[in-house]
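Below you'll find the structure, written out as structure tokens, and then a few comments.
The values are calculated or read from the model by the stated rules, or taken from the named source; none is laboratory data. None of the values given here were measured: they were computed from a predicted structure. Because the Cβ atoms are built from the backbone with ideal geometry, glycine has one as well, and the counts that use them run over all protein chains shown. Side chains included, ligands, DNA and RNA excluded: accessible areas come from the protein's heavy atoms. Shrake-Rupley method; radii C 1.70, N 1.55, O 1.52, S 1.80 Å.
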Amino acid sequence: MAACNAAETLLVHESLLNTVWPKVASALMNVDVSLRCDPQTLEAIARIPSSSSHCTASTPSDYLTEFLGPTIAVKVVPSVAAAIQHINSHSSHHTDSIITEDESSMSAWCRGLDSANCYVNASTRFADGTRYGLGTEVGISTGKTHARGPVGLDGLVIYKYMMRSKTEKGSLIADHEKNGGSYTHRDIERGAPPF
């Protein structure tokens, strides 16, 4: 089963290469996700028994690919700035999420990404018109052009959605829906951005 908002690339900070990354890799392999890893991430999980059947070396095209299945490309990065640069060069510019406890990384992420949806500690599955309270989703746009015909100020601007989880363990779609949450759209007061 594939979802249009599935993660296609996982960037791992180099400080987590030998601690958090092997645990994440094991969890992914336990649910039969194939990992296409750069040399550093591949080496860090080489001793995990299931890595021989679930992991292969990545190619440059893997970081530009929408796999449409349980496959993810993995790459190590030295900093948030390097992650932002990689994403701005390789992503679809639809939805990108960071998991971090660092406030300055959250701010840099949301301000530096050229993506329509920038999330902090939240699932990319929130990227849906219905969940934003916009009604049935009839299309997805990552473009930056305005509407056709007579256009007022609102039609000349583009939107960038920034979302930050308020829960300690991050926010998941299933948790929100299970607890009776609803999705509503409201205009945000103009002023300083939230990050």
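Observations on the structure shown:
- A simple charge model with +1 on the Cβ of Lys and Arg, -1 on the Cβ of Asp and Glu and nothing else charged puts the dipole of the range 1-74 at about 220 debye relative to its Cα centre.
- Average accessible area per residue (Å²) across the range 25-125 - probe 1.4 Å, nucleic acids and ligands excluded: 50
- Positive minus negative residues near Asp38 (Lys, Arg vs Asp, Glu; Cβ under 10 Å): 0
- Using 0.36 nm per residue and subtracting the Cα-Cα separation, the extra length available between Asp102 and Ser15 on full extension is 29.9 nm.
- Per-residue extension of 0.36 nm, minus the Cα-Cα distance of Thr167 and Ser89, leaves a gain of 25.0 nm for this segment.
- Averaged over residues, the count of other Cβ atoms within 10 Å places the peptides 29-38, 106-115 in the sequence 106-115, 29-38, highest first.
- FRET efficiency for the Asp114 to Ile48 pair, using the beta carbon distance and R₀ = 41 Å, is estimated at 0.75.
- Apportionment of accessible area to carbon and sulfur, the range 19-139, percent (1.4 Å): 55
- Taking 0.36 nm per residue of separation and subtracting the Cα-Cα distance, full extension of the segment from Ala82 to Asn30 would add 15.8 nm.
- Burial ranking of peptide ranges 119-125, 157-163 (average Cβ count within 10 Å, highest at the top): 119-125, 157-163
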